[in-house]
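The values are calculated or read from the model by the stated rules, or taken from the named source; none is laboratory data. For clarity, every value in this text was computed on a predicted model and none was experimentally measured. No Cβ is skipped: glycine too gets one built from the backbone with ideal geometry, and neighbour counts run over all protein chains shown.
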Amino acid sequence: MALPIITADQTLLVQAIIVYLYADPGLGKSSMGFTAEKAISFDFDRGAHRTGELRRGAVVQVQQWSDVANLTPQDLAPYKTVVIDTVGAMLECIKTHLLLTANNRQKDGSLKLKAQGLANQTFKQYINTLISLGKDVVFIAHASEDQNGDQIIYRPDLGGKNRNELYRIADVMGYLTTVTTGEGKNARVINFKPSPTHHAKNSGALGGETGEVWVPDLKAH
């Protein structure tokens, strides 16, 4: 069998794009998710209703993990993009599901270490399933602050092994924040360029040299 070698002059086929977007509360993370192509949002945070008129895609109002796990490829066929809102709440949902099994619980009711590993594995397997179906995936997360001396560093609010896993698989990762324009107005901008002040990733070269993508008024676009 011939090896599937792709030469330097041939185009690489990208079957799925992975986007990781994080921001402080109230900046429109969920609304941004609905701007993706043929989006369906898995509303783990139960906040899709707050997008109002900007809810431009379908929503799964997740009450329990089975609401997502039982979706079939046929259910997802009409959609190109799956929005995970938020990724931290998704992991908590998986852990809550595993707590229903007595063997996964410690005496104090928390997850056993082995079950925590199972939660991480369940998360990875499901994301790999979406990618295998050719779905673009948008992970939404809240922003968290780390302190390095006098420097504040913003990063997605996600801990454990899954934080590194998402850093690895994301094609782009951006920090959505607000800036003051020269006219003294507030504007939203997504920073995709890594910086000492925030975590980011920009293999798509978004925003040119600065890595900044200015967010337009979504009600007008």
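Against the conditions (1) among the hydrophobic types (A, V, I, L, M, F, W, C); (2) modelled with pLDDT of 90 or more; (3) farther than 25 Å from G47 by Cα, M173 satisfies every one except (3). Does the range 34-45 contain at least one residue that is more than 20 Å from T129 (Cα to Cα) and more than 13 Å from the chain's Cα centre (by Cα)? Yes: one or more hits.
Over 18 Å from the mean Cα position of the chain (by Cα), hydrophobic (A, V, I, L, M, F, W, C) and at pLDDT 95 or above - does that describe any residue in the range 61-74? Within the range 61-74, one or more residues are over 18 Å from the mean Cα position of the chain (by Cα), hydrophobic (A, V, I, L, M, F, W, C) and at pLDDT 95 or above. Elements of the type strands (runs of 3 or more DSSP E) sitting completely within the range 25-89 and holding at least 1 residues that are among the hydrophobic types (A, V, I, L, M, F, W, C) and under 25 Å from N164 (Cβ atoms): these cover 39-43, 81-85.
When restricted to residues that are more than 9 Å from the chain's Cα centre (by Cα) and closer than 11 Å to V137 by Cβ, the range 80-89 contains 3. Filtering the range 165-193 to residues that are part of a loop (DSSP other than H, G, I, E, B), more than 18 Å from I140 (Cα to Cα) and of a type outside the set (V, I, T) leaves G182, E183, G184, K185.
Count of the range 46-58 residues, restricted to those that are under 16 Å from the mean Cα position of the chain (by Cα) and either modelled with pLDDT of 95 or more or of a type in the set (D, E, K, R) (or both), is 1. Might you let me know whether the range 148-170 holds any residue that is β-branched (V, I, T) and closer than 20 Å to V19 by Cβ? The answer is yes, given that some residue of the range 148-170 is β-branched (V, I, T) and closer than 20 Å to V19 by Cβ.
Suppose we keep only residues that are among the charged types (D, E, K, R) and crowded, with 17+ Cβ neighbours inside 10 Å within the range 84-131. Which one would you say is nearest to R46 (Cα to Cα)?
Here the residue is D85.
Within the range 143-164, the set of residues being assigned to a strand (DSSP E or B) and either crowded, with 17+ Cβ neighbours inside 10 Å or touching a strand residue (DSSP E or B) at 6+ places or on another chain (Cβ under 8 Å) (or both) comprises A143, S144, E145, D146, Q147, I152, I153, Y154, R155, P156. A search for C-beta distances below 6 Å between a residue of the range 26-43 that is closer than 8 Å to V83 by Cα and any residue that is polar (S, T, N, Q) and buried (at least 18 other Cβ atoms within 10 Å of the Cβ), counting only pairs 6+ apart in sequence or on different chains, returns G33/S41; A39/T81.
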